[in-house]
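Heads up: the structure comes next, in C-alpha coordinates.
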Amino acid sequence: MEAFTYKRGQLFAEGVSVAELAKKFGTPLFVYSRSHIQEQYRSLIGALKELDPLICYSVKVNTSAAIINTLAKEGSGADVVSGGELYRAMKAGISAGRIAFAGVGKTTAEIEFALKSNILFFTVESEQELERISAVAKRLKKTARVALRVNPDVDPKTHKYISTGKKENKFGMDLNRALHNYALAARLPNIEIAGLHMHIGSQILDATPFAEAAMKVASVATELKKLYPTFRYLDIGGGIGIRYKPEQSPLLPATFAKAVVPILKPLGLKLVMEPGRNIVGNGGILVVEVQYVKQGPSKKFIIVDGAMNDLIRPALYEAHHEVIAVKQAKKKTRGDVVGPICESADFFALDRELPDVKQGDLLAVMSCGAYAMSMSSNYNSRPRAAEVMVSGKRAALVRRRERIEELVCGETIPMAW
(Lines give C-alpha, C1' and ligand atoms only; values in the text may rest on other atoms or scores of the structure.)
Protein backbone atom coordinates (compact mmCIF):
# COMPACT_ATOMS: atom_id res chain seq x y z
CA MET A 1 0.00 0.00 0.00
CA GLU A 2 0.96 3.66 -0.41
CA ALA A 3 1.15 4.76 3.21
CA PHE A 4 1.68 8.45 2.47
CA THR A 5 -0.52 10.20 -0.11
CA TYR A 6 -1.82 13.66 -0.90
CA LYS A 7 -5.44 14.51 -0.17
CA ARG A 8 -6.70 17.94 -1.17
CA GLY A 9 -3.13 19.14 -1.51
CA GLN A 10 -2.03 17.96 1.96
CA LEU A 11 0.16 14.95 2.77
CA PHE A 12 -1.58 12.27 4.82
CA ALA A 13 -0.22 9.28 6.70
CA GLU A 14 -3.04 6.79 6.14
CA GLY A 15 -6.03 8.83 7.37
CA VAL A 16 -4.13 11.43 9.40
CA SER A 17 -2.82 14.83 8.28
CA VAL A 18 0.97 15.00 8.52
CA ALA A 19 0.78 18.75 9.13
CA GLU A 20 -1.47 18.15 12.13
CA LEU A 21 0.96 15.57 13.49
CA ALA A 22 3.83 18.04 13.17
CA LYS A 23 1.75 20.74 14.89
CA LYS A 24 0.92 18.41 17.79
CA PHE A 25 4.24 16.60 18.26
CA GLY A 26 6.79 19.00 16.77
CA THR A 27 9.65 18.39 14.36
CA PRO A 28 11.85 16.58 13.49
CA LEU A 29 9.28 13.80 13.67
CA PHE A 30 9.27 10.21 12.47
CA VAL A 31 5.84 9.00 11.34
CA TYR A 32 5.14 5.30 10.76
CA SER A 33 2.22 3.57 9.03
CA ARG A 34 1.09 0.49 10.93
CA SER A 35 -1.03 -0.76 8.03
CA HIS A 36 1.90 -0.61 5.62
CA ILE A 37 4.04 -2.68 7.99
CA GLN A 38 1.30 -5.27 8.43
CA GLU A 39 0.64 -5.53 4.68
CA GLN A 40 4.33 -5.92 3.83
CA TYR A 41 4.70 -8.73 6.35
CA ARG A 42 1.55 -10.50 5.14
CA SER A 43 2.59 -10.17 1.51
CA LEU A 44 5.91 -11.91 2.17
CA ILE A 45 4.31 -14.68 4.24
CA GLY A 46 1.72 -15.20 1.50
CA ALA A 47 4.28 -15.40 -1.30
CA LEU A 48 6.29 -18.04 0.57
CA LYS A 49 3.36 -20.03 2.00
CA GLU A 50 4.57 -23.26 0.32
CA LEU A 51 7.60 -23.14 2.63
CA ASP A 52 5.74 -22.10 5.80
CA PRO A 53 8.52 -19.63 6.70
CA LEU A 54 9.45 -18.21 10.07
CA ILE A 55 9.91 -14.51 9.43
CA CYS A 56 12.40 -13.06 11.92
CA TYR A 57 12.14 -9.29 11.65
CA SER A 58 15.59 -7.69 11.58
CA VAL A 59 15.43 -5.52 14.70
CA LYS A 60 18.47 -3.38 13.77
CA VAL A 61 16.45 -1.82 10.95
CA ASN A 62 14.06 -0.06 13.32
CA THR A 63 14.04 -0.79 17.04
CA SER A 64 10.75 0.95 17.84
CA ALA A 65 8.81 -1.13 20.37
CA ALA A 66 5.57 -0.23 18.58
CA ILE A 67 6.88 -1.66 15.30
CA ILE A 68 8.29 -4.81 16.92
CA ASN A 69 5.01 -5.34 18.78
CA THR A 70 3.00 -4.84 15.59
CA LEU A 71 5.01 -7.62 13.96
CA ALA A 72 4.87 -9.83 17.06
CA LYS A 73 1.08 -9.74 16.81
CA GLU A 74 1.40 -10.86 13.19
CA GLY A 75 3.40 -13.91 14.34
CA SER A 76 6.87 -12.63 13.53
CA GLY A 77 10.06 -13.71 15.19
CA ALA A 78 13.17 -11.53 15.43
CA ASP A 79 16.72 -11.41 14.15
CA VAL A 80 18.96 -9.67 16.70
CA VAL A 81 22.64 -8.76 16.73
CA SER A 82 23.19 -7.66 20.33
CA GLY A 83 22.03 -8.28 23.85
CA GLY A 84 20.23 -4.96 23.71
CA GLU A 85 18.25 -5.98 20.64
CA LEU A 86 17.39 -9.31 22.27
CA TYR A 87 16.07 -7.42 25.30
CA ARG A 88 14.07 -5.03 23.10
CA ALA A 89 12.53 -7.84 21.05
CA MET A 90 11.39 -9.82 24.10
CA LYS A 91 10.12 -6.73 25.91
CA ALA A 92 8.06 -5.82 22.82
CA GLY A 93 6.37 -9.22 22.75
CA ILE A 94 8.46 -11.65 20.69
CA SER A 95 9.14 -14.92 22.49
CA ALA A 96 12.80 -15.95 22.79
CA GLY A 97 12.02 -19.23 21.03
CA ARG A 98 11.41 -17.25 17.84
CA ILE A 99 14.62 -15.21 18.01
CA ALA A 100 17.85 -15.85 16.09
CA PHE A 101 21.00 -14.17 17.42
CA ALA A 102 23.44 -13.08 14.69
CA GLY A 103 26.55 -10.87 14.64
CA VAL A 104 30.29 -11.42 14.42
CA GLY A 105 31.31 -10.25 17.90
CA LYS A 106 29.04 -11.77 20.56
CA THR A 107 30.37 -11.25 24.07
CA THR A 108 30.28 -13.81 26.85
CA ALA A 109 27.63 -11.76 28.65
CA GLU A 110 25.44 -11.67 25.52
CA ILE A 111 25.77 -15.42 25.02
CA GLU A 112 24.81 -16.02 28.65
CA PHE A 113 21.75 -13.78 28.31
CA ALA A 114 20.66 -15.55 25.12
CA LEU A 115 21.11 -19.04 26.59
CA LYS A 116 19.22 -18.17 29.75
CA SER A 117 16.44 -16.74 27.57
CA ASN A 118 16.37 -19.97 25.47
CA ILE A 119 16.57 -18.37 22.03
CA LEU A 120 15.87 -20.32 18.83
CA PHE A 121 19.51 -20.48 17.72
CA PHE A 122 22.79 -18.58 17.42
CA THR A 123 24.12 -17.70 14.00
CA VAL A 124 27.80 -18.61 14.36
CA GLU A 125 30.45 -16.70 12.39
CA SER A 126 33.77 -18.29 13.45
CA GLU A 127 35.50 -21.19 15.20
CA GLN A 128 36.34 -19.12 18.27
CA GLU A 129 32.74 -18.01 18.62
CA LEU A 130 31.58 -21.63 18.39
CA GLU A 131 34.02 -22.63 21.12
CA ARG A 132 32.95 -19.72 23.34
CA ILE A 133 29.27 -20.61 22.97
CA SER A 134 30.05 -24.22 23.86
CA ALA A 135 32.04 -23.21 26.95
CA VAL A 136 29.32 -20.86 28.20
CA ALA A 137 26.59 -23.41 27.55
CA LYS A 138 28.54 -26.10 29.41
CA ARG A 139 29.05 -23.81 32.40
CA LEU A 140 25.34 -22.92 32.48
CA LYS A 141 24.31 -26.55 31.86
CA LYS A 142 22.36 -25.42 28.78
CA THR A 143 22.22 -26.66 25.19
CA ALA A 144 23.10 -24.05 22.57
CA ARG A 145 21.43 -24.46 19.20
CA VAL A 146 23.63 -23.14 16.39
CA ALA A 147 23.39 -22.40 12.67
CA LEU A 148 26.74 -21.71 11.04
CA ARG A 149 26.80 -18.72 8.72
CA VAL A 150 28.22 -19.57 5.33
CA ASN A 151 29.49 -17.02 2.86
CA PRO A 152 28.36 -18.15 -0.60
CA ASP A 153 30.57 -15.56 -2.39
CA VAL A 154 27.71 -14.05 -4.38
CA ASP A 155 27.80 -10.44 -5.56
CA PRO A 156 24.41 -8.89 -4.76
CA LYS A 157 25.14 -5.80 -6.89
CA THR A 158 24.38 -3.41 -4.06
CA HIS A 159 26.36 -0.73 -2.19
CA LYS A 160 29.73 -2.05 -1.00
CA TYR A 161 28.94 -1.13 2.62
CA ILE A 162 25.81 -3.33 2.66
CA SER A 163 27.19 -6.29 0.72
CA THR A 164 27.79 -9.16 3.16
CA GLY A 165 28.04 -12.38 1.15
CA LYS A 166 31.27 -11.92 -0.82
CA LYS A 167 34.53 -13.60 0.14
CA GLU A 168 36.15 -10.31 1.17
CA ASN A 169 33.38 -9.48 3.69
CA LYS A 170 33.92 -10.05 7.42
CA PHE A 171 30.76 -12.12 7.77
CA GLY A 172 30.46 -15.89 7.85
CA MET A 173 32.81 -18.55 6.53
CA ASP A 174 33.41 -20.12 3.13
CA LEU A 175 31.64 -23.37 2.34
CA ASN A 176 34.70 -25.60 2.83
CA ARG A 177 35.52 -24.00 6.16
CA ALA A 178 31.89 -24.35 7.21
CA LEU A 179 31.97 -28.13 6.70
CA HIS A 180 35.08 -28.33 8.90
CA ASN A 181 33.34 -26.25 11.57
CA TYR A 182 30.18 -28.37 11.52
CA ALA A 183 32.40 -31.34 12.37
CA LEU A 184 33.92 -29.24 15.17
CA ALA A 185 30.44 -28.34 16.43
CA ALA A 186 29.50 -32.01 16.54
CA ARG A 187 32.45 -32.70 18.85
CA LEU A 188 31.92 -29.75 21.19
CA PRO A 189 29.88 -30.23 24.37
CA ASN A 190 26.46 -28.63 24.85
CA ILE A 191 26.09 -27.76 21.16
CA GLU A 192 23.15 -28.78 18.98
CA ILE A 193 23.56 -28.34 15.21
CA ALA A 194 20.27 -26.70 14.25
CA GLY A 195 20.80 -25.36 10.76
CA LEU A 196 22.66 -23.22 8.25
CA HIS A 197 22.54 -19.46 7.77
CA MET A 198 23.47 -17.11 4.96
CA HIS A 199 22.89 -13.43 4.16
CA ILE A 200 24.28 -11.85 1.01
CA GLY A 201 23.49 -8.17 1.53
CA SER A 202 20.82 -5.48 1.68
CA GLN A 203 18.71 -3.41 -0.71
CA ILE A 204 18.83 -6.04 -3.47
CA LEU A 205 16.38 -5.37 -6.31
CA ASP A 206 17.03 -8.48 -8.40
CA ALA A 207 16.04 -12.02 -7.39
CA THR A 208 18.95 -13.59 -9.30
CA PRO A 209 21.59 -13.27 -6.53
CA PHE A 210 19.20 -14.88 -4.04
CA ALA A 211 18.64 -17.82 -6.39
CA GLU A 212 22.37 -18.14 -7.04
CA ALA A 213 23.15 -18.18 -3.33
CA ALA A 214 20.37 -20.69 -2.64
CA MET A 215 21.76 -23.00 -5.32
CA LYS A 216 25.22 -22.80 -3.78
CA VAL A 217 24.08 -23.83 -0.31
CA ALA A 218 21.36 -26.33 -1.31
CA SER A 219 23.69 -29.29 -1.81
CA VAL A 220 25.59 -28.46 1.38
CA ALA A 221 22.35 -28.26 3.36
CA THR A 222 21.23 -31.61 1.95
CA GLU A 223 24.50 -33.24 3.05
CA LEU A 224 24.33 -31.66 6.51
CA LYS A 225 20.77 -32.88 6.96
CA LYS A 226 22.01 -36.42 6.36
CA LEU A 227 24.97 -36.06 8.74
CA TYR A 228 23.25 -34.37 11.67
CA PRO A 229 19.75 -35.48 12.78
CA THR A 230 19.06 -32.17 14.53
CA PHE A 231 19.76 -30.12 11.36
CA ARG A 232 16.38 -28.64 10.39
CA TYR A 233 16.63 -24.87 9.65
CA LEU A 234 17.80 -23.00 6.58
CA ASP A 235 18.07 -19.29 7.29
CA ILE A 236 18.46 -17.31 4.06
CA GLY A 237 18.78 -13.90 5.70
CA GLY A 238 17.10 -10.79 4.34
CA GLY A 239 18.02 -8.12 1.83
CA ILE A 240 14.90 -7.70 -0.32
CA GLY A 241 15.08 -4.13 -1.63
CA ILE A 242 12.51 -1.33 -1.74
CA ARG A 243 11.84 1.67 -3.96
CA TYR A 244 13.79 4.75 -2.90
CA LYS A 245 13.56 6.55 -6.25
CA PRO A 246 10.39 6.88 -8.39
CA GLU A 247 12.09 5.12 -11.30
CA GLN A 248 13.11 2.09 -9.21
CA SER A 249 11.17 -1.14 -9.25
CA PRO A 250 11.03 -2.89 -5.87
CA LEU A 251 11.72 -6.61 -5.65
CA LEU A 252 8.22 -7.94 -5.13
CA PRO A 253 7.71 -10.90 -2.77
CA ALA A 254 6.08 -12.89 -5.59
CA THR A 255 9.12 -12.38 -7.83
CA PHE A 256 11.46 -13.34 -5.00
CA ALA A 257 9.41 -16.46 -4.22
CA LYS A 258 9.32 -17.55 -7.85
CA ALA A 259 13.12 -17.53 -7.90
CA VAL A 260 13.86 -19.33 -4.62
CA VAL A 261 10.93 -21.63 -3.80
CA PRO A 262 11.76 -24.25 -6.49
CA ILE A 263 15.30 -24.46 -5.08
CA LEU A 264 14.41 -24.52 -1.39
CA LYS A 265 11.23 -26.63 -1.29
CA PRO A 266 12.87 -29.99 -2.16
CA LEU A 267 15.29 -29.59 0.77
CA GLY A 268 12.56 -30.31 3.32
CA LEU A 269 13.97 -27.79 5.80
CA LYS A 270 12.22 -25.11 7.87
CA LEU A 271 12.80 -21.79 6.13
CA VAL A 272 13.85 -18.80 8.24
CA MET A 273 14.06 -15.30 6.77
CA GLU A 274 15.30 -12.03 8.26
CA PRO A 275 13.71 -9.12 6.35
CA GLY A 276 13.67 -5.62 7.76
CA ARG A 277 13.87 -2.80 5.24
CA ASN A 278 11.33 -4.54 2.99
CA ILE A 279 8.78 -4.51 5.81
CA VAL A 280 9.27 -1.06 7.32
CA GLY A 281 11.36 1.04 4.92
CA ASN A 282 8.57 2.74 3.01
CA GLY A 283 6.32 2.69 6.07
CA GLY A 284 8.06 5.70 7.61
CA ILE A 285 8.87 9.35 6.89
CA LEU A 286 10.88 12.06 8.63
CA VAL A 287 9.00 15.36 8.88
CA VAL A 288 11.16 18.47 9.13
CA GLU A 289 10.50 22.21 9.19
CA VAL A 290 12.25 24.74 6.95
CA GLN A 291 14.28 27.15 9.08
CA TYR A 292 15.92 29.25 6.37
CA VAL A 293 16.17 29.44 2.59
CA LYS A 294 19.67 30.65 1.73
CA GLN A 295 20.73 31.66 -1.76
CA GLY A 296 24.44 31.03 -2.21
CA PRO A 297 26.55 32.23 -5.15
CA SER A 298 26.05 28.99 -7.05
CA LYS A 299 23.07 27.21 -5.47
CA LYS A 300 20.14 27.43 -3.09
CA PHE A 301 20.16 25.83 0.37
CA ILE A 302 16.97 24.80 2.11
CA ILE A 303 18.02 24.56 5.76
CA VAL A 304 15.75 22.34 7.90
CA ASP A 305 15.63 21.34 11.56
CA GLY A 306 16.34 17.67 10.81
CA ALA A 307 19.94 16.58 10.36
CA MET A 308 22.38 13.76 9.75
CA ASN A 309 22.04 12.75 13.40
CA ASP A 310 18.38 11.89 12.58
CA LEU A 311 19.06 10.27 9.19
CA ILE A 312 22.67 9.37 8.41
CA ARG A 313 22.10 7.27 5.26
CA PRO A 314 22.73 10.12 2.76
CA ALA A 315 26.04 10.97 4.47
CA LEU A 316 27.09 7.36 5.03
CA TYR A 317 26.00 5.72 1.76
CA GLU A 318 25.23 8.70 -0.48
CA ALA A 319 21.75 7.21 -0.28
CA HIS A 320 18.82 8.76 -2.11
CA HIS A 321 15.69 9.75 -0.22
CA GLU A 322 12.85 11.54 -1.96
CA VAL A 323 11.96 14.90 -0.38
CA ILE A 324 8.44 16.22 -0.82
CA ALA A 325 6.41 19.12 0.57
CA VAL A 326 3.80 18.38 3.21
CA LYS A 327 1.62 21.04 1.60
CA GLN A 328 1.78 20.22 -2.08
CA ALA A 329 3.90 22.86 -3.85
CA LYS A 330 2.96 24.23 -7.26
CA LYS A 331 6.46 25.47 -8.10
CA LYS A 332 9.83 23.74 -8.15
CA THR A 333 13.31 24.97 -7.36
CA ARG A 334 16.79 23.47 -7.55
CA GLY A 335 19.11 23.16 -4.60
CA ASP A 336 20.18 21.23 -1.52
CA VAL A 337 18.22 20.22 1.56
CA VAL A 338 20.65 20.50 4.47
CA GLY A 339 20.59 20.37 8.26
CA PRO A 340 22.13 22.52 11.00
CA ILE A 341 25.00 20.19 11.93
CA CYS A 342 28.56 21.44 11.45
CA GLU A 343 29.47 18.95 8.72
CA SER A 344 29.40 19.30 4.94
CA ALA A 345 27.96 15.77 4.88
CA ASP A 346 24.84 17.00 6.71
CA PHE A 347 22.35 16.81 3.86
CA PHE A 348 19.20 15.01 2.77
CA ALA A 349 19.31 15.98 -0.93
CA LEU A 350 21.99 17.50 -3.15
CA ASP A 351 21.49 19.47 -6.36
CA ARG A 352 17.96 18.16 -6.66
CA GLU A 353 14.73 19.51 -8.11
CA LEU A 354 12.73 20.30 -4.98
CA PRO A 355 9.45 21.86 -3.88
CA ASP A 356 9.74 25.65 -3.81
CA VAL A 357 9.23 26.14 -0.07
CA LYS A 358 9.66 29.03 2.33
CA GLN A 359 10.57 29.49 5.97
CA GLY A 360 8.15 27.61 8.24
CA ASP A 361 7.01 25.12 5.60
CA LEU A 362 7.18 21.38 6.24
CA LEU A 363 9.04 18.78 4.19
CA ALA A 364 8.78 15.00 4.34
CA VAL A 365 11.88 12.88 3.78
CA MET A 366 10.55 9.62 2.41
CA SER A 367 11.53 5.97 3.00
CA CYS A 368 12.65 6.62 6.57
CA GLY A 369 11.19 3.54 8.23
CA ALA A 370 14.51 1.69 7.93
CA TYR A 371 17.97 2.62 9.19
CA ALA A 372 16.92 6.09 10.29
CA MET A 373 15.91 6.34 13.95
CA SER A 374 17.86 3.18 14.79
CA MET A 375 21.08 4.81 13.50
CA SER A 376 20.39 8.24 15.01
CA SER A 377 22.72 9.91 17.47
CA ASN A 378 23.16 12.92 19.71
CA TYR A 379 25.88 14.48 17.55
CA ASN A 380 26.13 18.25 18.11
CA SER A 381 24.18 17.54 21.33
CA ARG A 382 20.90 17.27 19.47
CA PRO A 383 18.08 15.40 21.26
CA ARG A 384 16.65 12.48 19.31
CA ALA A 385 13.38 13.00 17.45
CA ALA A 386 9.93 11.84 18.48
CA GLU A 387 8.17 8.90 16.80
CA VAL A 388 4.47 8.57 15.98
CA MET A 389 2.57 5.54 14.67
CA VAL A 390 -0.58 5.95 12.60
CA SER A 391 -3.30 3.32 12.16
CA GLY A 392 -6.21 4.42 10.00
CA LYS A 393 -7.41 7.71 11.46
CA ARG A 394 -5.67 7.20 14.79
CA ALA A 395 -2.20 8.39 15.79
CA ALA A 396 -0.16 7.62 18.88
CA LEU A 397 3.13 8.97 20.20
CA VAL A 398 5.27 5.83 20.46
CA ARG A 399 8.48 7.55 21.55
CA ARG A 400 8.56 11.02 23.06
CA ARG A 401 11.13 13.55 21.99
CA GLU A 402 14.36 13.31 23.96
CA ARG A 403 14.73 16.12 26.49
CA ILE A 404 17.81 18.32 26.50
CA GLU A 405 18.52 17.42 30.15
CA GLU A 406 18.76 13.75 29.14
CA LEU A 407 21.81 14.52 27.01
CA VAL A 408 23.97 14.61 30.15
CA CYS A 409 22.38 11.68 32.00
CA GLY A 410 25.11 9.40 33.31
CA GLU A 411 27.83 12.02 33.08
CA THR A 412 29.84 13.16 36.12
CA ILE A 413 32.57 15.70 36.72
CA PRO A 414 35.38 14.34 38.95
CA MET A 415 35.33 16.96 41.71
CA ALA A 416 38.52 15.75 43.44
CA TRP A 417 40.75 16.53 40.43
Only one of ALA213, ALA178, ALA183 that is touching a residue at least 60 places away in the same chain (Cβ under 8 Å) and assigned to a helix (DSSP H, G or I): ALA213
Single match in GLU387, GLU353, GLU402 (criterion: farther than 20 Å from ALA66 by Cβ and either outside the structural domain of LYS327 (by TED's automatic domain parsing) or in contact (Cβ under 8 Å) with a residue 12 or more places away in the chain (or both)): GLU353
message: Here is a check on your reading of the model: is ALA329 among the small types (Gly, Ala, Ser), over 27 Å from the mean Cα position of the chain (by Cα) and not assigned by TED's automatic domain parsing to the domain that holds LYS300?
response: no
query: Does LEU234 satisfy the condition of being surrounded by 18 or more Cβ atoms within 10 Å (Cβ to Cβ), under 23 Å from the mean Cα position of the chain (by Cα), modelled with pLDDT of 95 or more and of a type in the set (A, V, I, L, M)?
result: yes
- prompt: Can you spot a residue in the stretch 351-363 that is assigned to a loop (DSSP other than H, G, I, E, B) and closer than 25 Å to THR63 by Cα?
  reply: no
message: PHE30 - would you say it is buried (at least 19 other Cβ atoms within 10 Å of the Cβ) and more than 19 Å from SER374 (Cβ to Cβ)?
response: no
message: Against the condition outside any helix (DSSP H, G or I), without any contact (Cβ under 8 Å) to a residue 60 or more places away in the chain and surrounded by fewer than 19 Cβ atoms within 10 Å (Cβ to Cβ), how does GLY84 come out, does it pass?
response: no
- request: Please verify whether the stretch 390-401 includes one or more residues that are more than 13 Å from TYR32 (Cβ to Cβ), aliphatic (A, V, I, L, M) and touching a strand residue (DSSP E or B) at 6+ places or on another chain (Cβ under 6 Å).
  value: no
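Within the stretch 40-63, how many residues turn out to be assigned to a helix (DSSP H, G or I) and in contact with a Gly (Cβ under 9 Å, 6 or more places away or on another chain)?
6
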query: Just a yes or no: is a residue in the stretch 268-284 closer than 30 Å to ARG232 by Cβ, surrounded by fewer than 16 Cβ atoms within 10 Å (Cβ to Cβ) and touching a residue at least 12 places away in the same chain (Cβ under 8 Å)?
result: yes
task: For the stretch 143-162, state whether one or more residues are out of contact with any strand residue (DSSP E or B) (no Cβ under 8 Å at 6 or more places or on another chain), modelled with pLDDT under 95 and crowded, with 21+ Cβ neighbours inside 10 Å.
output: yes
- prompt: Mind checking which residues of the stretch 365-398 are in a strand (DSSP E or B) and closer than 17 Å to VAL288 by Cα?
  reply: VAL365, ALA386, GLU387, VAL388, MET389, LEU397
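The values are calculated or read from the model by the stated rules, or taken from the named source; none is laboratory data. Keep in mind that what you see is a predicted model, and the values were worked out from it rather than measured. Every residue, glycine among them, receives a Cβ derived from its backbone with ideal geometry; neighbour counts consider all protein chains shown.
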